[in-house]
1. Does LEU51 satisfy being outside the structural domain of ARG14 (by TED's automatic domain parsing) and either out of contact with any Phe, Trp or Tyr (no Cβ under 8 Å at 6 or more places or on another chain) or not hydroxyl-bearing (Ser, Thr, Tyr) (or both)?
2. Only residues that are more than 15 Å from ALA16 (Cα to Cα) and either assigned to a helix (DSSP H, G or I) or of a type in the set (Asp, Glu) (or both): list them for the range 67-88, please.
3. May I ask you to list pairs of residues, at least six apart or on different chains, whose Cβ atoms are under 8 Å apart, with the first in the range 139-159 being more than 11 Å from VAL110 (Cβ to Cβ) and the second being surrounded by fewer than 17 Cβ atoms within 10 Å (Cβ to Cβ) and of a type in the set (S, T, N, Q)?
4. Could you grab me the full set of residues in the range 105-125 that are of a type in the set (Val, Ile, Thr), buried (at least 17 other Cβ atoms within 10 Å of the Cβ) and over 14 Å from SER150 (Cα atoms)?
5. Within the range 18-54, track down each residue that is loosely packed, with under 13 Cβ neighbours inside 10 Å, over 22 Å from LEU68 (Cα atoms) and of a type in the set (A, V, I, L, M, F, W, C).
6. With THR136, THR124 as the choices, which residue is within 25 Å of GLY17 (Cα to Cα) and at pLDDT 90 or above?
7. Can LEU15 be described as surrounded by 11 or more Cβ atoms within 10 Å (Cβ to Cβ), assigned to a helix (DSSP H, G or I) and at pLDDT below 90?
8. Looking at ALA194 and the list (1) modelled with pLDDT of 85 or more; (2) among the aliphatic types (A, V, I, L, M); (3) outside any loop (DSSP other than H, G, I, E, B); (4) over 16 Å from the mean Cα position of the chain (by Cα), which single condition is not satisfied?
Amino acid sequence: MGAAPSLWLGALGRLAGRAAHELKNPLNGLALNLEVVRSRSARAGTEGAALAPYAAAAASELERSIPLVEALLALARPLPNPVDLRSAIQPLLVLYRSIAIAGGGTLEVVYEAEQVFVSADGDTVRALVAEALDVTVGANLEVAGRVGDSDGSISIRLVGGAGRPVATRMEALAVEHDIRLNSDEDETLLLFPALARTGVDSAR
């Protein structure tokens, strides 16, 4: 196994560990409300209207958990080549956003194109984006990002300083693929060599 796959698996393991708590909370809420529905529905004379609030709460908790599960499943699948940066990072944003919100913060990213293709392979892209998000989210209550062109490269800029230095192995991986990854007190920056750019769109 090369450096990129092993580094990505390590990053995914750390992310899964951080996101597990955010997934556990809605699942606990779902189980609690379903148990109330189950126990009260077994009582004679219980009307459906009395159970409706608990059923609605259970449905709400389920809706909270589904995007997190879908994001984890998406990250377990390999990315096609060439890599569309927007598709590659979306599941990571879902999980890191849940971590940011749980800490009382936000994570908002604006895309300047519908599709942005980069020359790096999927494991490299995911490992480096996860590292950039990991050093930024948690160190800042509000993180704002932008994905777009930057002098012929494709940039991911996350406003806010790093909570820890970028890992040395991640820096080496970036250099190996002619990718720039650095973070200071103002921003965390990733610059990828670009293949193509199509469409114009902004989303959160």
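1. Working: outside the structural domain of ARG14 (by TED's automatic domain parsing): no; either out of contact with any Phe, Trp or Tyr (no Cβ under 8 Å at 6 or more places or on another chain) or not hydroxyl-bearing (Ser, Thr, Tyr) (or both): yes.
Criteria not met by LEU51.
2. Within the range 67-88, ASP84, LEU85, ARG86, SER87, ALA88 qualify.
3. So the pair list comes out as LEU141/THR106; GLU142/THR106; VAL143/THR106.
4. So the first thing to find is which residues in the range 105-125 are of a type in the set (Val, Ile, Thr), and the list is 106, 109-110, 116, 118, 124-125.
From what is left, the residues that are buried (at least 17 other Cβ atoms within 10 Å of the Cβ) are 109, 116, 118, 124-125.
Residues satisfying the conditions are VAL109, THR124, VAL125.
5. Hits for the range 18-54 are ALA42, ALA44, ALA49, ALA52.
6. On the way: THR136 fails: at pLDDT 90 or above.
Only one candidate qualifies: THR124.
7. Details: surrounded by 11 or more Cβ atoms within 10 Å (Cβ to Cβ): yes; assigned to a helix (DSSP H, G or I): yes; at pLDDT below 90: no.
Against the criterion (surrounded by 11 or more Cβ atoms within 10 Å (Cβ to Cβ), assigned to a helix (DSSP H, G or I) and at pLDDT below 90), LEU15 does not qualify.
8. Against the list (1) modelled with pLDDT of 85 or more; (2) among the aliphatic types (A, V, I, L, M); (3) outside any loop (DSSP other than H, G, I, E, B); (4) over 16 Å from the mean Cα position of the chain (by Cα), ALA194 comes up short only on (1).
The values are calculated or read from the model by the stated rules, or taken from the named source; none is laboratory data. Keep in mind the model is a prediction, meaning the values are calculated, not measured. Heads up, the Cβs are rebuilt from the backbone with ideal geometry, glycines too, and the neighbour counts pull from every protein chain shown.
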